[in-house]
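Everything below concerns the one structure shown next.
The values are calculated or read from the model by the stated rules, or taken from the named source; none is laboratory data. Bear in mind the structure is a predicted one, so any value in this text is a computation, not a measurement. With ideal geometry, Cβ positions are generated from the backbone for all residues, glycine too; neighbour counts draw on all protein chains shown. For the accessible areas, the whole protein counts, side chains as well, though only heavy atoms, and no ligand, DNA or RNA atoms are used. Shrake-Rupley method; radii C 1.70, N 1.55, O 1.52, S 1.80 Å.
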Amino acid sequence: MHGLGIAHRILCWTPSGTSQKSARLGRYALLEEVCGAEGILHLLVGHTADDQAETAAFRWTRRSGPDGIAGMAAERELDQIRLLRPLLSIGRDRLRATLRGWNQTWIDDPTNLNERYARPRLRRRLARRPAAASLWQQRASGEANRRRNRDRDLIEALARYVAVHQQGYVVADPALLRTEVGSSALGRIVRTVRGSDYMPSPRALEEACFALRSGVAGRTIGGCHIAAGVRLVVTRESVRISDRTSVSAGETVRWDRRFFVTAPCEGVIAPLGDATRDHRVERAPNAALRGLPSLWRDGALVAVPVTCSRGTIGRPGARKPLLVRFRPPQPLTSAAFGGILRVV
């Protein structure tokens, strides 16, 4: 890139898993970390129209709903940056021809050619059938337009019926489930409360909506519990939380993919769990409090989130509370509409 006058850095990364999904998430995490450190707000990636066709076709084989077949979004909000895909309308061959015209080489990800994985096998089939690839591109584009319209209605429904609480739970008016976007809205809520990148399957969401509309008092889905009554209360299932993270004094860590936690002293961040019985708490359901992060050392509780305690608890060395920020990887809406939601 020196010949084009473009500064660059080569980042070294060691995979932590063997799946393409884990590799993709690991690469994005590394890029996001570097962008954050450099004060970079936008990360541009080179996904092409061919990648979009493969994504739509692949998600169709996995029985994804219309939102999945709409493919990759041209814009996506991450924790610290905005991810942009400016080349989704450009074919891979055209991009390579442009690079050749600049006498610029490129590197192909070897996992994209490894046919042990499903996507490379699908890529090879689509490469042999350009007409099929073009049809998938058109289908993805059409579904993307319809998805934008649905998202507009979805955002309006979330703004009207939903409140997000900083203890990591959501309260919603049951009327939300009777709207046309009810199942999608429930999927967004579960994804946010769970701290996941993906929503439950469309079938699971439809079944959950039907059960809740039919008077079921509670339902679990996607690692969350939904308590139904005058209001729907969606909380993280504390028994499903496996994160036990060691921290040093003053260190900030991301815990359970939902919270950024700053510890007042060294210890292990783990769910508060049954310890909620021993402390006075305010303005939060017990189910939500059980899934909050807390600081433990030698089997003893030494600090709880600032929202949970009215005073110092635990060991004498723990003079400050545990500072906690609810920052799930996927908010209910994109940053452009974040100001609409009521955050309590």
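Here are the numbers:
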| quantity | calculated |
| --- | --- |
| Span-rule helices in the chain, defined as complete DSSP H runs reaching 15 Å or more along the axis (Cα) with Kyte mean at least -1.0 | 20-38, 49-61, 182-194, 202-213 |
| Solvent-accessible area of Glu207 with every protein chain in place, 1.4 Å probe, in Å² to the nearest 10 | 90 |
| At most 16 other Cβ within 10 Å, DSSP loop - trypsin sites (Lys or Arg not before Pro), segment 1-93 | Arg9, Arg62, Arg63 |
| Mean separation of Cα contacts under 8 Å (6+ apart) over length of the chain, as relative contact order % | 14 |
| Mean ellipticity per residue at 222 nm, deg cm²/dmol - from DSSP H runs of n ≥ 4 across the chain, formula -39500 (n - 2.57) | -11000 deg cm²/dmol |
| Translational diffusion of segment 68-188, µm² s⁻¹ [Kirkwood Rh, Cα pairs; Stokes-Einstein; 10 °C; 1.306 mPa s] | 88 |
| The chain - percent of accessible surface contributed by carbon and sulfur, probe 1.4 Å | 52 |
| Debye intensity ratio in log₁₀ form over the Cα atoms of segment 1-82, taken at each q of 0.11, 0.13, 0.22 Å⁻¹ | -0.41, -0.57, -1.22 |
| Filtered trypsin sites (Lys or Arg not before Pro), segment 228-262: DSSP coil and at most 16 other beta carbons within 10 Å | Arg231, Arg244, Arg257 |
| DSSP bridge orientation in the chain - percent antiparallel, rounded to nearest 5 | 85 |
| Shape box of segment 136-238 [Cα atoms, principal axes, largest first, Å] | 42, 26, 25 |
| Inverse mean reciprocal Cα-Cα distance (Kirkwood Rh) of segment 84-128, Å | 12.2 |
